[in-house]
Each structure stands twice: as C-alpha cells, then as structure tokens.
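Quick note: the coordinates plus some simple rules give every number you see, no bench work behind them. Owing to the predicted nature of the structure, the values given are computational and were not obtained by experimental measurement. Note that we place each Cβ from the backbone using ideal geometry, even for glycine, and neighbour counts take in every protein chain shown.
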Amino acid sequence: MPARILVIEDNPANLELMSYLLRARGHQVLKAGNGLEGLAAVQRERPDLVLCDVQMPGLDGFEIAQRLKGEPASRAIPLVAVTALAMVGDRERVLAGGFDGYLPKPIDPLRFGLDIESLLAKGPPPEDPGRQWEA
Ligand code: MN
C-alpha cells in the first residue's frame, strides 16, 4: 500500500537517499530539512509515518518526539528514529524518548525498504507503551 511518509533529516544526502528509496517503492514522500519544518509538516500533512533523524541542530529528534507524542492530534502517527546507534543503551534511550521504533544508519537500501514495509504493515503503534513496535 502506498503511504505518505514524512522524512525529517538535516543531512541533505541522507534526506535524498531515503526519499529516493521510498519513492522507488511507490510511496509519497514529504521532506523536511530541520525540526521546525518537520513539526509544521506533521500538522499540515498528517502523514502515515514519520522518519526522523535524532541529531539535528535546533530542534533535535528527542524534542520532536516529545512534542508530537505530547499532542493528542499527532500521538497516533508512527514516529521512527533513523539513527546510528553506536552506544550501549542508545536503543533504549530512543524508545524511552517517545519514538515508536528506529531504523539504523548507515542506510542499507535493501534493508531500509524491507523495514519500511514491515513498519507500515504494523499500522499505528500500540497505545500501551510497554509493547514493542519496531521493524
Ligand atoms: Mn543529523
């Protein structure tokens, strides 16, 4: 099923790569180059899925997660971190920070595509925060 997917990412090369891979699978892509643009795009466009970089100048991924998950209007939109989880405990930190799941960087084109389909097939994340919702 084609989905409308918002990608929030400050690195232009990563933004283009993810957009290209998503479009190649038939999805409609909305792009935001920073956190503020990303928040505005969520409110305006109501995407089916949000992929969000964690490390960004200005509003970072954790602040975006806090805002989106704190608003009833955007809480149910799946929010997935796209990040290089290098340190022990990073995965837990991302999930505890309000993200519904994460995808690893660097982006592997085949794995990325399969993970996206897997996430979309799951539908909205569960209301119960104890349940996992990951690719
Ligand atoms: Mn970044």
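For the residue pair residue 28 and residue 134, what label-to-label distance in nm results when each label sits 7 Å from Cα along the Cα-to-beta-carbon direction?
3.1 nm
Do you know the relative contact order of the chain, to the nearest whole percent, from alpha carbon pairs under 8 angstrom that are 6+ apart?
The value is 20 percent.
Evaluate the distance, in nm, between pseudo-label points positioned 7 Å from the Cα of residue 73 and of residue 93 along their respective Cα→Cβ axes.
3.2 nm
Say each of residue 118 and residue 4 gets a label point 7 Å from the Cα, pointing the same way as Cα to Cβ; how far apart are those two points in nm?
The two pseudo-label positions are separated by 2.7 nm.
By the gyration tensor of its Cα atoms, with a ≥ b ≥ c the square roots of the eigenvalues, what is the shape of the chain: rounded for a/c under 1.5, prolate for a/b over b/c, or oblate?
Judged from the Cα gyration tensor, the chain comes out rounded (a/c under 1.5).
For a test of the definition: using alpha carbon positions, the gyration tensor, and the 1.5 limit on a/c, classify region 15-85 as rounded, prolate or oblate.
Oblate, since a/c reaches 1.5 and b/c is not below a/b.
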